[in-house]
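Undergrad: This is the structure I have questions about; it appears just below.
The values are calculated or read from the model by the stated rules, or taken from the named source; none is laboratory data. For clarity, every value in this text was computed on a predicted model and none was experimentally measured. Because the Cβ atoms are built from the backbone with ideal geometry, glycine has one as well, and the counts that use them run over all protein chains shown. Ligands, DNA and RNA are excluded from the accessible area calculation, which covers all protein heavy atoms including side chains. Shrake-Rupley method; radii C 1.70, N 1.55, O 1.52, S 1.80 Å.
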Amino acid sequence: MAQAVKVAVAAFVKTPGFSAVKTRLAAEIGQERAEEFYGLAWRAVSTCLRTSARTEGVTPIWAVAEALAAAHAAWPEFLVVSQGEGSLSERLTKVYRELFAAHDAVIFVGADCPQLSPADVAAATAALRGGAPFAVGPAADGGFYLFAGKSAVPPGLFERVPMSAPDTGQRLVTELRRIGPVAILPQRTDVDLAQDLAACARELAALAEPSPEQLRLAAWIARAVPA
């Protein structure tokens, strides 16, 4: 991995206006505020990836849920790939294979973990360069907010992992360990429910160097979720 120079970091996103976003959050705080959160969140993630492109040499990519050209055009600055059809597991498989064919390593992140920092991306790339074929960032709800790999995955690996389950992250790690070691990154909270906003705010406050976009999101949460 020391010689690898092509690392793709793909943020999985849905396009507002083409797909419903943060539906569980919207059920609790309303669609308008859920979309406000999502807009602030993906902008914070994009700033993280932009910084990581400069500091780590990674290639930022939007992995967009919709196949429509108009939806792809809504995502600025980075390369765009389609997630394809099917379940989340099938879409993870499709994007990983596509990007791994053209890169030495691939990192997946979501747009609902806006406290993601360049340090997290650096930790993932350092783990791969240090010898681990995979790295996983566990989410507080049992899922994962980051996946990184520098090895091919066997057919059906993601499909064998139940998504949106309390043990999704651990099941993924178990499957990956059949191939090789897995580096475990610090836990983060991804935002699916209103109760996750306070945890997100705490993690944003703990960042050593929050971006302007992260500060704007923290201010929004302070208004949306009064102490």
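Undergrad: Could you check what % of the DSSP bridge pairs in the chain are antiparallel, to the nearest 5?
TA: 30
Undergrad: Evaluate 2.2 N^0.38 Å with N set to the residue count of segment 63-114, then give the Cα radius of gyration divided by it.
TA: My calculation over the Cα atoms of segment 63-114 gives 1.15.
Undergrad: From the alpha carbon gyration tensor of segment 166-227, can you work out the equivalent ellipsoid semi-axes (sqrt of 5 times each eigenvalue) and give them in Å, largest to smallest?
TA: For segment 166-227, the semi-axes come out at 31, 15, 7 Å.
Undergrad: Determine the distance separating the Cα centre of segment 89-152 from the Cα centre of segment 188-219; give it in Å without decimals.
TA: So the separation of the two Cα centres works out to 20 Å.
Undergrad: Taking θ as phi - 60°, what are the ³J(HN,Hα) couplings along segment 88-93 by the Karplus curve (6.51, -1.76, 1.60), each to the nearest whole Hz, with x for Gly and Pro?
TA: Result, ordered by residue: 4, 4, 5, 6, 4, 4 Hz.
Undergrad: A follow-up question, please. Sorted by packing (mean other beta-carbon atoms within 10 Å per residue), highest first, where do 98-108, 197-207 land?
TA: Averaged packing, sorted descending, gives the order 98-108, 197-207.
Undergrad: Taking a ≥ b ≥ c as the square roots of the eigenvalues of the Cα gyration tensor of segment 110-167, is the shape rounded (a/c under 1.5), prolate (a/b larger than b/c) or oblate?
TA: oblate
Undergrad: For segment 1-73, what are the per-bin percents of Cα-Cα distances with bins 10 Å wide, up to the bin holding the maximum?
TA: 18, 40, 29, 11, 2
Undergrad: Can you give me the Rg/Rh ratio for segment 53-170, using Cα atoms for both radii and the Kirkwood formula for Rh?
TA: My calculation puts Rg/Rh at 0.94.
Undergrad: Also, quick follow-up: Can you tell me, using C-alpha contacts under 8 Å and at least 6 residues apart, the relative contact order of the chain as a whole percent?
TA: Once divided by the residue count of the chain, the mean separation gives 23 percent.
Undergrad: Further question on the same structure: Name the shape class, rounded, prolate or oblate, that the alpha-carbon gyration tensor gives for the chain, where a ≥ b ≥ c are the square roots of its eigenvalues, rounded holds for a/c under 1.5, and otherwise prolate holds if a/b is larger than b/c and oblate otherwise.
TA: rounded
Undergrad: Counting only protein heavy atoms, what percent of the accessible surface of segment 1-148 is carbon or sulfur at a 1.4 Å probe?
TA: 55
Undergrad: Quick one: pull the percentage of alpha-carbon pairs in segment 104-227 with a separation above 18 Å.
TA: That tail contains 53 percent of the Cα-Cα pairs.
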